Amino acid sequence: GAGAARRRATAPRSAGQPAQQTTSFETLRKELEAYGALPPSERDLALATGDILEAMRSLRDDGKLALWNAAGTTSRRRNVFPGELSRGPNKLACEPSAIATPSVRNDAAFLFSVVITTSVLATVAGVVLPGDWGFFSSYLIGGINLVVLAIGSTAPGLLTVLTDKFSLVFPDYRERTLRHEAGHFLLAYLHGAPIASYSLELRGARVQLAQAVLQRKLYAGRLEDEELDSLAVIAMGGVAAEAIKYEEVIGQTEDLFDLQSLMNKSQKELSDSEQQNLTRWAVSRAVGLLRENSDAYERLMEKMSQNATVFECIQAIEGL
């Protein structure tokens, strides 16, 4: 079938043929385009990226993708003391404790703006509109606060969409999002993920990305230590990218949730202290890798800011 044809197309060619590089990269580009053309319901990173993975392995074996999976066999956890993140080569711009403290900056600003705006409008309506119109208008406008609180309590996902849109008023939000998501992208690439898509939204979960690395569903089995180590670094990639630059981290909630989900799938049950150490190590390792590959990271961010294709982002990482 088509999948078999694509797999045959990715077979390594003998060295010394002038057309080899063009053909090899063209194969990867076509596989990525084929994935992008799939209906959303079929874009399963665990099941639909096998051909992409084969193409990337072939390019790596031919020496064409020097950075892909470069950290896959070296990311092995060790004991990391809290002080390591506040001094030395992996020092963060923020306090290490800020990583574990969910940011309420955007939510608080949104709710404050809603309260102030509705209060002013209700007051104006009560003064300007005549008789009962003024009374009922003020009552209805004031009720918006209750509606917002009700949505936040019963359907927080809807409120999250509004909060994310409102967050664009912060000058640093777009850059934070770019840095955060580029951190996930690069670290997934360094750990051998067949990356087929990316998002510039902080709220995106990384379960699909983890499944791409494993090439199986997370529920299909427990995680070996080596698998968990790599996935933990990828999960903390966004947090680390923010923590290097900013004194406050705002995108950690989903990342920490993803990491906890991964730790819950560990073949070896982790104690609270082991989970805390794994989190510290994953952040430290992610920071180290981002700094070691800073040029590739900057090139990737530039391409992602232009909404470049995944293929173009891969070329940027490799400096091609």
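The values are calculated or read from the model by the stated rules, or taken from the named source; none is laboratory data. Note that the coordinates shown come from a computational prediction; the quantities given were computed from them, not determined experimentally. Counting neighbours? That spans all protein chains shown, and the Cβs are built from the backbone with ideal geometry, glycine included. Ligands, DNA and RNA are excluded from the accessible area calculation, which covers all protein heavy atoms including side chains. Shrake-Rupley method; radii C 1.70, N 1.55, O 1.52, S 1.80 Å.
How big is D for the stretch 198-320, in µm² s⁻¹ as a whole number, if Stokes-Einstein is applied with the Kirkwood radius of its Cα pairs at 20 °C and 1.002 mPa s?
In µm²/s, the coefficient rounds to 139.
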task: Run the 1.4 Å probe and let me know the accessible area of residue 78, rounded to the nearest 10 Å².
output: 110 Å²
field: Candidate residues 178, 187: accessible-area rank, largest first, probe 1.4 Å
entry: 178, 187
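Protein chains only, probe 1.4 Å: how do 61, 255 rank by accessible area, largest first?
61, 255
Ordering 57, 285 by how much accessible area each has at a 1.4 Å probe, largest first, what is the list?
57, 285
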field: Amide H partners (placed H, <5 Å) of residue 266, local residues excluded
entry: 223
- prompt: Ranked from highest to lowest mean number of other Cβ atoms within 10 Å per residue, what is the order of the peptides 210-217, 34-41, 270-277?
  reply: 210-217, 270-277, 34-41
- line: Placing each pseudo-label 7 Å from Cα in the direction of the beta carbon, residue 215 and residue 294 end up separated by a distance in nanometres of 3.6 nm
- prompt: Is there a pair in 30/303; 91/303; 245/303 whose C-alpha atoms are over 24 Å apart, and which pairs would that be?
  reply: 91/303
Distance in nm between pseudo-label sites at residue 87 and residue 268 (7 Å out along the Cβ direction from Cα): 3.0 nm
query: How about residue 268: which aspartates and glutamates have a C-alpha closer than 17 Å to its C-alpha, ignoring those fewer than 8 places off in the same chain?
result: 224, 225, 226, 227, 229
query: How much area per residue is accessible in the stretch 261-300 when the probe is 1.4 Å and only protein heavy atoms are counted (Å²)?
result: 47 Å²
task: Report, ordered by chain and residue number, the lysines lying within cross-link reach of residue 265, taken as a straight Cα distance under 20 Å and ignoring same-chain residues fewer than 8 apart.
output: 217
